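The values are calculated or read from the model by the stated rules, or taken from the named source; none is laboratory data. From a predicted model like this one, the values you see are computed outputs, not experimental measurements. Heads up, the Cβs are rebuilt from the backbone with ideal geometry, glycines too, and the neighbour counts pull from every protein chain shown. The protein model used for the area step is the full one, side chains on, heavy atoms only, and it has no ligands, DNA or RNA in it. Shrake-Rupley method; radii C 1.70, N 1.55, O 1.52, S 1.80 Å.
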Amino acid sequence: MRRPDAIWETDYAADRRKHRHRCVCCNRIVQPGERVVMCRINNGTKAAHVACADRRHVPDAPETTRDIMRLWGLEHQKACGWSVPELA
(Lines give C-alpha, C1' and ligand atoms only; values in the text may rest on other atoms or scores of the structure.)
Protein backbone atom coordinates (compact mmCIF):
# COMPACT_ATOMS: atom_id res chain seq x y z
CA MET A 1 0.00 0.00 0.00
CA ARG A 2 1.32 3.43 -0.93
CA ARG A 3 1.72 6.14 1.69
CA PRO A 4 -0.74 9.04 1.16
CA ASP A 5 0.48 12.55 0.39
CA ALA A 6 1.35 14.66 3.43
CA ILE A 7 -0.35 17.75 1.95
CA TRP A 8 -2.72 18.28 -0.96
CA GLU A 9 -4.34 21.15 -2.87
CA THR A 10 -8.08 21.20 -3.36
CA ASP A 11 -11.09 23.44 -3.83
CA TYR A 12 -12.58 23.79 -0.35
CA ALA A 13 -16.04 22.29 0.10
CA ALA A 14 -18.04 22.60 3.31
CA ASP A 15 -21.20 20.91 2.08
CA ARG A 16 -21.56 18.46 4.95
CA ARG A 17 -19.74 20.42 7.64
CA LYS A 18 -21.25 22.49 10.38
CA HIS A 19 -17.80 23.85 11.27
CA ARG A 20 -15.54 25.45 8.68
CA HIS A 21 -11.77 25.62 8.68
CA ARG A 22 -9.77 28.77 9.36
CA CYS A 23 -6.61 29.53 7.41
CA VAL A 24 -3.58 28.76 9.59
CA CYS A 25 -1.84 31.86 8.21
CA CYS A 26 -4.40 34.69 8.00
CA ASN A 27 -7.01 33.17 10.37
CA ARG A 28 -9.92 33.96 7.99
CA ILE A 29 -12.71 31.40 7.60
CA VAL A 30 -12.14 29.44 4.40
CA GLN A 31 -15.15 29.84 2.09
CA PRO A 32 -16.42 27.02 -0.15
CA GLY A 33 -14.81 27.09 -3.59
CA GLU A 34 -11.54 28.72 -2.46
CA ARG A 35 -8.33 26.93 -3.42
CA VAL A 36 -6.56 25.63 -0.30
CA VAL A 37 -3.64 23.48 0.82
CA MET A 38 -4.65 20.91 3.41
CA CYS A 39 -2.82 18.55 5.73
CA ARG A 40 -4.00 15.85 8.08
CA ILE A 41 -3.03 16.11 11.76
CA ASN A 42 -3.86 14.05 14.85
CA ASN A 43 -7.25 15.60 15.56
CA GLY A 44 -8.46 16.42 12.04
CA THR A 45 -7.16 18.60 9.23
CA LYS A 46 -5.62 22.06 8.80
CA ALA A 47 -6.17 24.36 5.83
CA ALA A 48 -4.38 27.37 4.36
CA HIS A 49 -5.21 29.47 1.31
CA VAL A 50 -2.84 28.77 -1.58
CA ALA A 51 -1.62 32.39 -1.55
CA CYS A 52 -1.02 32.24 2.21
CA ALA A 53 0.76 28.88 1.97
CA ASP A 54 3.55 30.42 -0.11
CA ARG A 55 4.37 33.06 2.53
CA ARG A 56 6.90 32.61 5.31
CA HIS A 57 5.43 30.91 8.35
CA VAL A 58 7.68 32.81 10.76
CA PRO A 59 9.13 36.16 9.59
CA ASP A 60 12.78 35.35 10.43
CA ALA A 61 12.74 31.76 9.11
CA PRO A 62 13.03 30.73 5.44
CA GLU A 63 10.30 28.02 5.66
CA THR A 64 6.92 28.72 4.10
CA THR A 65 3.59 27.70 5.58
CA ARG A 66 3.41 24.96 2.92
CA ASP A 67 6.73 23.53 4.20
CA ILE A 68 5.49 23.56 7.80
CA MET A 69 2.19 21.92 6.84
CA ARG A 70 4.11 19.20 4.98
CA LEU A 71 6.12 18.58 8.15
CA TRP A 72 2.92 18.38 10.22
CA GLY A 73 1.46 15.89 7.75
CA LEU A 74 4.59 13.73 7.77
CA GLU A 75 4.70 13.74 11.58
CA HIS A 76 1.06 12.58 11.64
CA GLN A 77 1.81 9.80 9.16
CA LYS A 78 4.77 8.67 11.24
CA ALA A 79 2.57 8.63 14.37
CA CYS A 80 0.06 6.46 12.46
CA GLY A 81 2.76 3.91 11.68
CA TRP A 82 3.71 4.80 8.10
CA SER A 83 7.34 4.49 7.10
CA VAL A 84 8.47 8.11 6.64
CA PRO A 85 12.12 8.17 5.50
CA GLU A 86 12.15 11.99 5.35
CA LEU A 87 11.94 12.21 9.16
CA ALA A 88 14.14 9.21 10.00
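Values computed for the structure shown
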| item | result |
| --- | --- |
| Accessible solvent surface per residue of the chain, calculated while the other protein chains remain in place, 1.4 angstrom probe, Å² | 68 |
| Å³ per residue enclosed by the Cα convex hull of the chain | 111 |
| Carbon and sulfur %, accessible surface of the chain computed with the full protein complex present, 1.4 Å | 48 |
| HN-Hα J in Hz across segment 61-78 - Karplus 6.51, -1.76, 1.60, θ = phi - 60°, x for Gly and Pro | 9, x, 6, 8, 4, 4, 4, 5, 5, 5, 5, 4, x, 5, 4, 5, 4, 5 |
| Order by protection proxy (mean Cβ within 10 Å, highest first), peptides 52-64, 36-48 | 36-48, 52-64 |
| Chymotrypsin sites (Phe, Trp or Tyr not before Pro) within segment 8-88, DSSP loop, no more than 14 other Cβ atoms inside 10 Å | TRP82 |
